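Quick notes on the structure that follows.
The values are calculated or read from the model by the stated rules, or taken from the named source; none is laboratory data. Small disclaimer: the values here were computed from a predicted structure and weren't measured. Here the Cβ positions follow ideal geometry from the backbone for every residue, glycine too, while neighbour counts run over all protein chains shown. Note: areas computed on protein heavy atoms with side chains; ligands, DNA, RNA excluded. Shrake-Rupley method; radii C 1.70, N 1.55, O 1.52, S 1.80 Å.
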Amino acid sequence: MNMQKLQFTIKIQAPRKKVWNTLWEDKTFRDWANIVDEGTYMVREMKEGNEIQFISSVNGYGVKCLIDKLTPNEFVLFRFMADTKDNGKQEREKDWTGGTESHSLTEENGVSTLTVEFDVPTNKMEEIFNVRFPKALERVKILAEDKKGK
């Protein structure tokens with residue numbers, strides 16, 4: 001499968017740890033990930049070496065990943081191992097298999113820079129992600145900058 005690497009960066013007026021928690025805590029993850037793929041949730045424990053799944057509760061499609069590298073509050077690299085359907089119970093065509101996705105965070109003077117890089121299949125998915133992912137990152141920014149949150 002042909003893959004195209006996409007990269008998005010956003011500056012967030014919040015400490016790196018808060019941005020990290022916004023990315024990966026279940027409630028806020030579901031909030032921003034819903035913009036990318038409706039109903040997306042994660043089945044996992046975020047630990048290096050763990051297998052996790054991203055699944056859409058709407059259509060049951062997802063992707064199984066290996067957490068290849070993880071430095072809490074700084075960096076995570078997911079390696080796409082299998083495309084799934086039926087809420088992760090069956091494999092399907094291998095559009096995403098073999099790709100990677102990374103999230104890096106740096107912080108300077110209380111401002112965090114989040115950079116996300118990932119492979120997408122070079123079909124209509126590219127256009128979808130170019131439109132939806134920046135909106136999802138804007139949502140991460142809003143959630144992380146919310147003074148009421150932790």
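A few notes on this one:
Yes or no, residue by residue, for (1) aromatic (Phe, Trp, Tyr); (2) in a loop (DSSP other than H, G, I, E, B); (3) within 26 Å of Gly49 (Cα to Cα):
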position: Val63; (1), (2), (3): no, no, yes
position: Ile67; (1), (2), (3): no, no, yes
position: Phe78; (1), (2), (3): yes, no, yes
position: Asp95; (1), (2), (3): no, yes, yes
position: Ser104; (1), (2), (3): no, no, yes
position: Asn123; (1), (2), (3): no, yes, no
position: Ile128; (1), (2), (3): no, no, no
position: Pro134; (1), (2), (3): no, no, no
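- Subset of region 78-122 (residues that are surrounded by fewer than 16 Cβ atoms within 10 Å (Cβ to Cβ), acidic (Asp, Glu) and under 16 Å from the mean Cα position of the chain (by Cα)): Glu117
- Any hit, region 40-47, residues being within 14 Å of Leu6 (Cβ to Cβ), outside any helix (DSSP H, G or I) and of a type in the set (A, V, I, L, M): no
- When region 22-45 is limited to residues that are over 12 Å from the mean Cα position of the chain (by Cα), closer than 22 Å to Gly98 by Cα and free of Cβ contacts under 8 Å to residues at least 40 places away in the same chain, the one that is surrounded by the most Cβ atoms within 10 Å (Cβ to Cβ) turns out to be Arg44.
- Glu117 modelled with pLDDT of 95 or more and under 15 Å from Val36 (Cβ atoms): yes
- Taking (1) open to solvent by less than 60 Å² (accessible area, probe 1.4 Å); (2) at pLDDT 95 or above; (3) of a type outside the set (Ser, Thr, Tyr) in turn, Met125 satisfies each apart from (2).
- Enumeration of residues in region 81-102 that are under 18 Å from Leu23 (Cβ atoms) and not small (Gly, Ala, Ser): Thr100, Glu101
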